[in-house]
Amino acid sequence: MTATVQPPLPDDLDRSVPPAPPDGPRAPGRIRTAFEGPGRPWILGAATLAGGAAAFFLMGAIGLFNIPFILRELPQGLGPAETSLGLTMLAFAFGFFLAQPLAIVRAFGPARWSRTVTATSPLGLKGRAANVLVRAAYGVATGYVAIIRGTPALVQILLVYYVFLFTEPTLVLFGESSAFWAGLVALTINTTGYQAEALRGGFQSVDRTQVDAGRSLGMSTVQIFGRVTLPQGLRLVTLPLANEWISTFKTSTLLSYITILELFGWARSSVAYYLGRPLEAFVILTIFYLAINITVSRSITYIEKRRRIPGLGSLAPELPLRPARRAA
Amino acid sequence: MSRAADSGGTPLTAPVSSAGPGGPGGLPPPRWRSTGAALGRTLYRWFPPARLARICVALAGIDAAAAVALWLGERGFYSLPFAATILPQLFSGFEVSAEAIALVIPLGFGVGFLIGWGRTSRSVLLRGFGAMYVDFFRSMPPIVLIFFASLIGLLGLNYLTSDPYLAHTVGLWFGAVALGLHTAAYQAEIVRAGILSVPAGQTEATDSIGLSRTQSMFLVVLPQAFRVSLPALGNEFSSVIKDTSLLSLIGWLEITGSGYNELFPSLHYGLQGPLILWIEVAIFYFILTFLLTSAVRSLENVSRVPGLEAAQS
Amino acid sequence: MTVLRVRALNKSFGDLHVLHDVDLDVEKGEVLCIIGPSGSGKSTLLRCTNLLIPPDSGEVFLDGVRVNDPAVRPEWVRQQIGTVFQSFNLFTHLTAVRNVMLGLVHVKKMDRKSARVKAVLELERVGLKDKLDAYPAQLSGGQQQRVAIARALAMDPKVMLFDEPTSALDPEFIHEVLDAMGQLARDGMTMVVVSHEMGFAREAAHAIAFMDHGRILEQGTPEEIFDRPGHERTKAFVGKILR
């Protein structure tokens, strides 16, 4: 049989049909994702690294910036980088502990508390008094999180800095100045609010049926939290917390404006201004921040994927799982 | 738009909406009634009772806080006159902040949308570029981008023009553009996640009725992706508002910048001077982000579709 | 007149050879049921027919036009072949009537008003006149599948493909979808149905094809296939299904 009807004119744009991948008719839908799947982040990382290095030497070769100068100055940044990292890690660790009670109160606030806890009160509090207490705690926690998340970190840092400046201008603790402690306190206050929100998300998304199962075994509320909700919730928030760490690290750059000599402060004052090399300062900072932040995010993603328990998802925005298409 | 088709005389297009009771004997309901019902429905959609109650509580709380603050000021706990004198400065800074936001949010959304879309494309080149863009801009602290964009822009422009004022102004705007490109990386990830959240069956269905790729993207995938990613976008927009405070560090006289201008006079009052100053600045940002969050919530309520609930953060 | 003609169709996914030289003819007004065990290539055959999956080799003719040809736009082919999916695939963000209108307005380029009239007609035909403005999530599975049928029907297809249209439904909703399909068959629509509903196959189908391991082993009238199956494997399968 031959074609008797002339088909409509072809449309070049829409005709292309993608080659079928080996694992199915086509990748999910018509949309495929870049560099997903086991081991792929490393491929992307290597490619990015190679591309970045190539771009670096190319731009150096055409004289955009001075490569020998950068290589000479780079080691000078290690000290300030240590300050940045130290402040970030301390603030993040303190914040993690301070955020726990906030997150618990926010996640299991008045509504759930009154329903599940009045029967078996874990703190020895019963009835109306406990309810009022929990409600008050919920209000305080919610207000704290709202204020921290609703105002710029810069303003928070300046506020804390001036309080320290007026009350303890000559403080020296562990060899660090007042400004350092002001920065640490401000950063901790800031990251506590964000971590509380991340943790609350984790605790709340632990399936309710898990709690019911725990209760059916006769576990107490505290036991259920410690043995079921907390381990599952922490696993769920690994990636959000990693994001929050990176975010805190980036916020720590603002501490340079309250006289702390961290990475950005060093590059700005000594490389860009004093040595008069702004482009080179930017390149040095790029190297530092890309190296640290991409390493952290890739490693955590990798570890999280390796250690993931089947069936226990992650809260991180990532590729949604789709049912594999049946082959027949 | 489908409502208009209802008035066609075909028996098939019987009224389907629940808009008001049909008049007796098939007469249309009085016009004012349907208008009133429509208005009521709209109001109800924008402000459902639970939300209205929350708004009332929040307003009452703000009112009480303001009353307490005023009372403390009158009692001499802090210098009320100083708190009042910096207000006009902050309001003028607020206008400048609005300018910055008006540049950064559309720029970030436009670029972010294109990059996010590119990251879901079949072209390796587009995906690779998108991935590198996102990696770079998400790893760099915004202040570093802002500072060097404005500094290098300013130095570069000094070669091109002899007008230092022009170079300075352009340098300022370069900083805002850098902030826009920074938020674009985050928005690209949101857009990408939204597009990927649309199940494969939807594009299969568009294929089966013969829609083209572009039509399928704009008629089906993006409308669904938009609804799913609205809360995340709202979060990102409020981050942008907070990040505009960084522009003060390169010389913008927005809210934080006008705060800096008042810093020296404030030191006159001892500790309470800068304390009042920065708390007032923080309140400005708090109100701004609160308004934005409320607007996004309302938009979520209005564009809500059963079965397409936005992913909760 | 042969509406759909498939010749020597082959398709593999990697090492998996899903379709082996499949030949198929569907006459105008005919209802063809394809039965067979899971993984026998039934769905792949349907998807190759409307080019949702590009075939590796072989030919697909629609009304005498070879459609798996680089000169033919897949969109043009698909708008003449209606497809009903196992999982409905209704557009989540659109109401029932706008689901049906979408293809009319954007593929057939009808104006909105007449598209709506037609959409309402099609929905009425599947008995959903009172659900025009409901979103898919507000409909039961059976209702969703009937909207999907209306959506495919509205494009005035030459053939309708049904890919296990009742497999994802709760038992109490299956009959309403089968009723709609039976009505369609009586109206003279050309249909290719992949289904495990043997009752429907026996009553509504004009022809049955039995597929196994990517080949059509046997084809005949329902009586032939169900009562006097020729092939060993058909016998085994029919015996298991009808018990």
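Here are some notes:
- Annotation for the B:A interface, with buried accessible surface near 5100 Å², both sides summed [1.4 Å probe; non-protein components not counted].
- A cut-off of 5 Å between modelled amide H atoms, ignoring neighbours fewer than 5 places along the same chain, links C:M191 with C:E30, C:V31, C:L32, C:M160.
- Selected from C:Q86, C:Q138, C:Q219 as most flexible by GNM, with chain C as the system and alpha-carbon contacts under 10 Å: C:Q138
- Residues of type aspartates and glutamates that C:K11 reaches as a straight line, Cα spacing below 15 Å, ignoring anything fewer than 8 places off in the same chain: A:D23, C:D21, C:D23, C:D56, C:E59, C:D212
- For chain C, the antiparallel share of DSSP beta bridges with both residues in that region comes to about 55%.
- Here the Karplus curve 6.51 cos²θ - 1.76 cosθ + 1.60, taken at θ = phi - 60°, turns the phi angles of the range A:187-194 into couplings of 5, 5, 4, 5, 5, 4, x, 6 Hz, with x standing for Gly and Pro.
- B:A295-A:E176 FRET efficiency (beta carbon distance; Förster radius 51 Å; 0.05 resolution): 0.75
- Those lysines that a straight Cα-Cα span of less than 19 Å connects to A:K250, excepting residues fewer than 8 apart in one chain: B:K242
- Segment B:L155-B:V57, extension gain: residue separation times 0.36 nm, minus the distance between their alpha carbons: 30.1 nm
- At R0 = 45 Å, FRET efficiency that the Cβ-Cβ distance of B:S162 and B:S121 yields, to 0.05: 0.50
- Rounded to the nearest 10 square angstrom, A:I303 shows an accessible area of 90 square angstrom against a 1.4 Å probe.
- Between amide H atoms placed 1.01 Å from N, distances below 5 Å from C:L217 occur with C:F210, C:M211, C:D212, all of them 5 or more places distant or on a separate chain.
- Here the Karplus relation 6.51 cos²θ - 1.76 cosθ + 1.60, evaluated at θ = phi - 60°, turns the backbone of the range B:41-54 into coupling constants of 4, 4, 4, 5, 5, 6, 10, x, x, 4, 5, 4, 4, 4 Hz, with x for every Gly and Pro.
- Computed with a 1.4 Å probe over protein heavy atoms only, the accessible area of B:W278 comes to about 0 Å².
- Accessible area per residue (1.4 Å probe, heavy atoms of protein chains only) ranks B:Y165, A:Y194, B:Y159 as B:Y159, B:Y165, A:Y194, with the largest value leading.
- Evaluated at q = 0.12 Å⁻¹, the base-10 log of the normalised Debye intensity for chain C, with identical point scatterers placed on the Cα atoms, takes the values -0.68.
- Ordered by solvent-accessible area of protein heavy atoms (1.4 Å probe), largest first, the residues C:F210, B:F264, A:F92 come out as B:F264, A:F92, C:F210.
- Karplus-derived 3J(HN,Hα), 6.51/-1.76/1.60, for each residue of the range A:90-97, Hz, glycine and proline x: 4, 4, 5, 5, 4, x, 4, 6
- Distant-in-sequence amide H partners of C:L169 (H built 1.01 Å from N, under 5 Å): none
- Shielding of B:168-175 by partner chains, average beta-carbon count, 10 Å: 0
- Structure note, pairs C:K42/C:K158; C:K28/C:K240; C:K28/C:K131; C:K42/C:K235: Cα-Cα distances above 28 angstrom occur for C:K28/C:K240; C:K28/C:K131.
- Between the range B:57-116 and the range C:39-111, the Cα center-to-center distance that results, in Å: 55
- Exposure ranking of C:M211, A:M89, A:M59 by accessible area [1.4 Å probe, largest first]: A:M89, A:M59, C:M211
The values are calculated or read from the model by the stated rules, or taken from the named source; none is laboratory data. These figures come from a predicted structure and were not determined experimentally. All Cβ positions, glycine included, derive from the backbone under ideal geometry; neighbour counts span all protein chains shown. Ligands, DNA and RNA are excluded from the accessible area calculation, which covers all protein heavy atoms including side chains. Shrake-Rupley method; radii C 1.70, N 1.55, O 1.52, S 1.80 Å.
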